[in-house]
There are 2 protein chains.
Amino acid sequence: MVSDLDRGILIQFGKRLKSLRQSKNLTLRKMALLCNVEYADIQRYETGKQNITLLSLAELAKALDVEPRELLDFRKFDTQST
Amino acid sequence: MVSDLDRGILIQFGKRLKSLRQSKNLTLRKMALLCNVEYADIQRYETGKQNITLLSLAELAKALDVEPRELLDFRKFDTQST
């Protein structure tokens, strides 16, 4: 029961996450070793297939050495503008 | 099974949420009317008693008319610095 808008938010978040991970030269596996999040879950977040909680987001931020808010560095209404 | 650090993140998020809500002169009840989040859940988020998902966070941002990342405008390690 995920709306198109919600799906858009998850996809934007996933792209942002993947872009940050790649900018740090981390593979999914290396990143999973740096935080309490499973490899398969990181993959699902990156493809927008899974909603994430604040505490998991904070774990990912720790692994990426960024502030949690940097993971939300996308505009909420971008999905409506195309 | 929430660690002290995790509890700290939820509490910081809750304070930020409450501060934004009050700055917009919204009561919990008015805010709940503006988004798909229950009154009681907003209250639990504000008191750091409940972990929040990205999609619920986006709903709250919509009600507050802010970008989702503004709700995470706190430092991840503040809980360790006191």
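Each value in this text was obtained by applying a stated rule to the coordinates, not by laboratory testing. Because the structure is a prediction, the values reported are computed rather than measured. Cβ coordinates were reconstructed from backbone atoms using ideal geometry, including for glycine residues, and neighbour counts include every protein chain displayed.
For this structure, a couple of remarks:
- Per-residue average of Cβ from other chains inside 10 Å of B:68-74: 6
- Formal net charge of residues neighbouring B:Leu26 (Cβ-Cβ distance under 14 Å; K, R +1; D, E -1): +3
- Summarised in one figure, the compactness ratio Rg/Rh of segment A:22-80, Cα atoms and Kirkwood Rh, is 0.96.
- Each listed q (0.22, 0.28, 0.30 Å⁻¹) maps to a log10 I(q)/I(0) for segment B:1-48, found by the Debye formula over equal Cα scatterers with no solvent: -0.74, -1.00, -1.08.
- Fewest-first sequence of A:Val66, B:Val2 by Cβ atoms within 10 Å of each Cβ: B:Val2, A:Val66
- With the simple spin-label model, which puts each label point 7 Å out from Cα in the Cβ direction, the B:Glu38 to B:Asp4 separation comes to 3.2 nm.
- Arranged from fewest to most other beta-carbon atoms within 10 Å of their beta carbon, B:Ile11, B:Ile42 become B:Ile11, B:Ile42.
- Candidate aspartates and glutamates for bridging to B:Lys18, where Cα separation is under 20 Å - those fewer than 8 sequence places away on the same chain excluded: B:Asp6, B:Glu38, B:Asp41, B:Glu46, B:Glu59, B:Asp65, B:Glu67, B:Glu70, B:Asp73, B:Asp78
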